[in-house]
Every structure is written in structure tokens, then in C-alpha cells.
Amino acid sequence: MAKDFNGSGVDFKYLIVNEMDQKFGLSVNTVGFQSIKPNSPYPLKDHPSGYFFNASKGRVLREYQLVYITKGRGLFSSDSTPETQLCKGRLLVLFPGQWHTYHPLQQTGWNEYYIGFEGPIIDNLVENSFLSVDSQILEVGLNEELVSLFVRAIEVAESDKVSSQQHLSGIVMHALGMILSISKNKVFELSDADQKIEQAKIIMSENVFSDVDPEELAMRLNISYSWFRKMFKDYTGYAPAKYFQELKLRKAKQLLVGTSQSVKEISFLLNYTSTEHFSSLFKKRTGFTPLEYRTYGRETESGL
């Protein structure tokens, strides 16, 4: 989806944020679109002094910004990121108080969508490492739904209706959720890691009644264990050994509710070292002993 907001291919809005808007937890200061033609000056000079910058000297913002490149190529660098090439489909995350600079290549120009915001909600996301200064360039590809969110943000900002700030905050959170999901999955797609992890998950599932050593599994997949462990946890949310134990626990629940096998038999089937170890682990993870879970599960199934 391409957006030509006016004859010059430029549209931006700077917003007034009042005290009530700030209490919402996330407020938007600016949103815009620029289509920079090849061999054109950059940045444009129509922006307020807090946003205009000399590309050779860079700048420091007092807010977070998302900058999405949908056409052309350019360069970016910051306090934490050495000079890196940008191309269509890449998104920049800019942080308050951080020196940075970026610009399109003269021979290509570029199209950029951007939105600037601040507040404790985004501060919390950064504090919990959902966004990081060590990973400012995210690969999201060309995504029409994401472009539509930027376009909608510009439309809402221009309408300047009551509670437009809250509407814009919702758009920012929607965009952030989409960006984080797409960029993380792009990492797996680009490195072919997803296939390795899916293969590992299948092997674990097929061997739930025995034991799987994560290091031996990595060797079987012809990858280093340190890489495998990190990628597996990024992909599933669990370390490999933890994930395998969760599979065993899931199977134990199925057997307790769906069969008449004793706790000792189930423990033996799932290759636990002892019935006591199995029962202790099960209670720690579920809050029930195996027999309590069996009773509860069957009552739930029967609707009692």
C-alpha cells in the first residue's frame, strides 16, 4: 500500500498533549509520512526545531519513535548501532536521550512513515526488554496492515477529535505488538531456524516416553548446543529441557484422566526415576497430586 498524502508526498502532524492525555500512560507527539525523491535534500526543513536535524551531525530526541521504510535505501547509526544500511521493509526504533542519525541514499531516496510517543507504558516495555537499544533495526518486510496503522494514525491526528490521543495510543500498541511478532518470526525465517526448532519439537514429542538429551539432540540436528538452546527458548519460551518436561507433564495429564493406569505405571511409562519424583514434580507444576488431578479431570469431563 502506497500513500501519497499530498502533492509533495509529505504529511505530518505535531500534537498537543495535555495533562489528562499523559495520565493515560502513552501519548503521541508526532506522526507523519515523507516521500523523499532521489537527489532531494534531507531532512525537510518544515519540521519544528526539536525534530529537524542535520544528518551529518545527528540529533537526540526526548521521545521514542518508530520509523518504517517502505521504499528506497539509506543509512542509520546511533550510540549503540554502527552505521548500517536500511532498505524497504526495515523499521527503526529510536530511543529518548540517544544520539542517532539516518538519511536516504541520494540515488534512491525513500518513503518513511514515523510516529513519536512517550509514557510509562512504553518505558515499561523497554525496561522488560521488549525493545532494546541493542536491536534498533527490525526486519518486518513490506506489510500492508502495518502501513495501514501508520496511515490511520495520521488520519486520527489530523481529525483532532476528543480523545484522539487515546485512539492514537491504541494504534501505537497495536503497531508495536505486530512489529515485535513479525520481526521475531522474520529472524527464524531468515536463518532457517524455525525448521530446526520444529524438527526438534517433533523429535521430543515422538520420544516423550523415553529421555531426550538436549545436547545430543543439537548434535543430531548438526547445530551447536549454545545456538540451539538460545534459539529454542526464543522460539518457544522454554529452554529445551524445560519444554521436554512440559511435554511429559501434558502426556501425564492425558493418561491420568483418559486411562485407568496407576500413578506408578504412568511414572514408569514416562521414564521418571521414581513414582515419588514424578508425584513431587507433578504437584509442584500443577498444584495437584496425580490422584487429585485424575479426580478433578474426570469430574470436569463428566460435568459434575
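Quick note: the coordinates plus some simple rules give every number you see, no bench work behind them. Keep in mind the model is a prediction, meaning the values are calculated, not measured. Methodologically, a virtual Cβ is constructed for each residue, glycine included, from the backbone with ideal geometry; neighbour enumeration extends over all protein chains shown.
Between residue 23 and residue 271, the C-beta separation translates, for a Förster distance of 45 Å, into a calculated FRET efficiency of about 0.25. Exposed loop positions in the chain were taken to be chymotrypsin sites (Phe, Trp or Tyr not before Pro) whose DSSP state is not H, G, I, E or B and which have at most 13 other beta-carbon atoms within 10 angstrom. Between these positions, the longest stretch is 210-304.
Shown here: mean projected area of the Cα convex hull in nm², derived from the displayed model; of the candidates [x] 15.5; [y] 21.4; [z] 17.6, it corresponds to [y]. Fewest-first ordering of 174, 103 by other beta carbons within 10 Å of each residue's beta carbon gives 174, 103.
Centre-to-centre separation between the Cα atoms of the stretch 107-138 and those of the stretch 149-202: 11 Å. Taking every DSSP helix (H) stretch of at least 4 residues in the chain, weighting each as -39,500 (n - 2.57) and dividing the sum by the residue count yields a mean residue ellipticity at 222 nm of -14500 deg cm²/dmol.
What does the charge count around residue 137 come to, taking other residues whose C-beta lies under 12 Å from its C-beta (Lys +1, Arg +1, Asp -1, Glu -1)?
On the way: positive: 90, 186; negative: 83, 134, 139.
The answer is -1.
Across 258, 237, 141, mean-square fluctuation computed from a Gaussian network of the chain (C-alpha pairs under 10 Å connected) peaks at 258. Residue ranges 118-124, 37-43 sort as 118-124, 37-43 when ordered by packing (mean number of other C-beta atoms within 10 Å per residue, highest first).
Tally Lys and Arg at +1 and Asp and Glu at -1 over the other residues with C-beta under 15 Å from the C-beta of residue 208: what net charge comes out? Working shown, then result.
Details: positive: 201, 242, 248, 250, 251, 253; negative: 206, 211, 213, 246.
Charge balance in the 15 Å sphere: +2.
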